[in-house]
Amino acid sequence: MSLHPHPAVSVVIPVYNEESGLAALFARLYPALDALGEPYEVVFVNDGSRDRSAAILAAQQRERPDVTRVVLFNGNYGQHMAILAGFEHARGDIVVTLDADLQNPPEEIGNLVAKMREGYDYVGTIRRMRQDSWFRRNASRAMNVLREKITSVRMTDQGCMLRAYGRDVVDTVNRCTEANTFVPALAYTFALRPTEIEVAHEERAAGESKYSLFKLIRLNFDLVTGFSLVPLQLMSYSGILLALASGALFVYLMVQRFVEGAQVQGVFTLFAITFCLLGVLLFSIGLLGEYIGRIYEQVRGRPRYLVQTVLQDLPAPPGVFVPPTGRPAAHSVETASSETP
Ligand code: UDP
Ligand code: MG
């Protein structure tokens, strides 16, 4: 059986080295979606996994060709690029994103879809009893506060990927060509009626987190630089303040020099002030570099990701003869199509 021509719901799932957890995911995801009672499709995007994930996904596509599509990247481009590729291939009126590690319970998809049907075009989520390490919970709490202060993106819990997006929002995201982005925030900027609901959260079912501390920092810089110029503006304000303060210090030292004569006391205080200023300077240059690096990546305009193959049984277009036996026309395999920004 081939895919439904007009699914109501598309579920996009990025997959990177998740071989140990995929069977458990399938066992809960498909029953939860079948229970919706509406045509749906699942779009898995394999983000260049080096384990057996791609083979497991391909086998699942053969198992449930009526509702499964698999986009295979030819390398690792990151979770958000994988979601963007899923958006490009998704055909549903409502697109739901989900992590592959079962931290987002698939049973919640029905609640998200029901909320969307109330007339919203973006349903964000807040994790009830978040099951992550103390460090992760507190680091993301701090980032949530910072993002709330310096961007116009309003969401309670930015880190949860279990979200639903309306067709118009997804179409607009598909027109964007950002080389680095944070999908929930990008989509939020285009939503006309966003809302949030609480969802359950579980511990990772199998495997380990794909985010090292370094990758997490990079991701948060993507969020900050992609949606706010406040850090750059703060740099110029703090520059003005520091310049004024050091001007005053200079005048004070000059006056002291002529009133009290030459002296060396206080030289370590001056060192301390200098090093502090150097720190501010280096941080500012680094911050500038974060923006410039992203501008550089953007202007080079290289493909954001390369799709090796799409495994899918597309329905035959109207008018095409489909033999009564065997599989219909298209077990389509788009080879080496590249998505240019
Ligand atoms: N992921 C991905 N590419 C990456 C890193 C992660 O597609 O480079 C996927 C991963 O397979 C999972 C989701 O993104 O489905 C979230 O990753 P993870 O659970 O490791 O993140 P955490 O829950 O620790 O934030
Ligand atoms: Mg996870």
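Here are the numbers:
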read-out: Test for V153: is it out of contact with any strand residue (DSSP E or B) (no Cβ under 6 Å at 6 or more places or on another chain) and either more than 16 Å from ligand 2 (Cβ to nearest atom) or among the hydroxyl-bearing types (S, T, Y) (or both); value: yes
read-out: Segment 156-187: number of residues that are assigned to a helix (DSSP H, G or I), within 16 Å of ligand 2 (Cβ to nearest atom) and in contact with a Gly (Cβ under 8 Å, 6 or more places away or on another chain); value: 1
read-out: Tally of residues being in a loop (DSSP other than H, G, I, E, B) and away from ligand 1 (no atom under 16 Å from the Cβ) across segment 191-208; value: 3
read-out: Residue list for segment 188-211, restricted to those being touching a Gly at 6+ places or on another chain (Cβ under 9 Å) and either more than 16 Å from ligand 2 (Cβ to nearest atom) or without any contact (Cβ under 8 Å) to a residue 24 or more places away in the chain (or both); value: Y188, A191, L192, R193, P194, T195, E196, I197
read-out: Residues of segment 1-29 satisfying the condition of being hydroxyl-bearing (S, T, Y), within 19 Å of H89 (Cβ to Cβ) and open to solvent by 10 Å² or more (accessible area, probe 1.4 Å); value: S2, Y16
read-out: Residue count, segment 267-316 (criterion: of a type in the set (K, R), in a helix (DSSP H, G or I) and open to solvent by 40 Å² or more (accessible area, probe 1.4 Å)); value: 1
read-out: Filtered residue count, segment 250-266, keeping only those that are touching a Leu at 6+ places or on another chain (Cβ under 9 Å) and exposed (fewer than 10 other Cβ atoms within 10 Å of the Cβ); value: 0
read-out: Any pair with Cβ under 7 angstrom, 6 or more apart, that starts in segment 33-57 at a residue that is on the phi > 0 side of the Ramachandran plot and ends at one that is small (G, A, S) and in a loop (DSSP other than H, G, I, E, B); value: G48/G75
read-out: In segment 102-149, the residues that are buried (at least 20 other Cβ atoms within 10 Å of the Cβ), hydrophobic (A, V, I, L, M, F, W, C), within 16 Å of ligand 1 (Cβ to nearest atom) and part of a strand (DSSP E or B); value: none
read-out: Count of residues meeting criterion [within 19 Å of L281 (Cα to Cα) and either within 13 Å of ligand 1 (Cβ to nearest atom) or open to solvent by 80 Å² or more (accessible area, probe 1.4 Å) (or both)] in segment 209-249; value: 7
read-out: Residues of segment 79-117 satisfying the condition of being within 19 Å of A187 (Cα to Cα), more than 14 Å from ligand 2 (Cβ to nearest atom) and out of contact with any helix residue (DSSP H, G or I) (no Cβ under 8 Å at 6 or more places or on another chain); value: M81, A85, G86, H89, R91, L112, V113, K115, M116, R117
read-out: Pick from segment 118-143, criterion of a type in the set (S, T, N, Q) and more than 11 Å from C160 (Cβ to Cβ), ranking: farthest from ligand 2 (Cβ to nearest atom); value: N138
read-out: Failed criterion for A164 (all others in (1) closer than 30 Å to R52 by Cα; (2) at pLDDT 95 or above; (3) surrounded by fewer than 19 Cβ atoms within 10 Å (Cβ to Cβ) hold); value: (3)
read-out: Residue selected from segment 31-82 under the condition polar (S, T, N, Q) and open to solvent by less than 40 Å² (accessible area, probe 1.4 Å), by the criterion nearest to the chain's Cα centre (by Cα); value: Q79
read-out: Residue, modelled with the highest pLDDT, within segment 127-153, restricted to residues that are of a type in the set (K, R) and touching a helix residue (DSSP H, G or I) at 6+ places or on another chain (Cβ under 7 Å); value: R147
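Per-residue answers, yes or no, for (1) more than 21 Å from G207 (Cα to Cα); (2) within 16 Å of ligand 1 (Cβ to nearest atom); (3) at pLDDT below 95; (4) touching an Asp or Glu at 6+ places or on another chain (Cβ under 8 Å):
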| site | (1), (2), (3), (4) |
| --- | --- |
| L29 | no, yes, no, no |
| E41 | yes, no, no, no |
| R64 | yes, no, no, no |
| G78 | no, yes, no, yes |
| H89 | yes, yes, no, no |
| I94 | yes, no, no, no |
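The values are calculated or read from the model by the stated rules, or taken from the named source; none is laboratory data. These numbers come from a predicted model, not from an experiment. Counting neighbours? That spans all protein chains shown, and the Cβs are built from the backbone with ideal geometry, glycine included. Please note that ligands, DNA and RNA were not included when accessible areas were found on the heavy atoms of the full protein model with its side chains. Shrake-Rupley method; radii C 1.70, N 1.55, O 1.52, S 1.80 Å.
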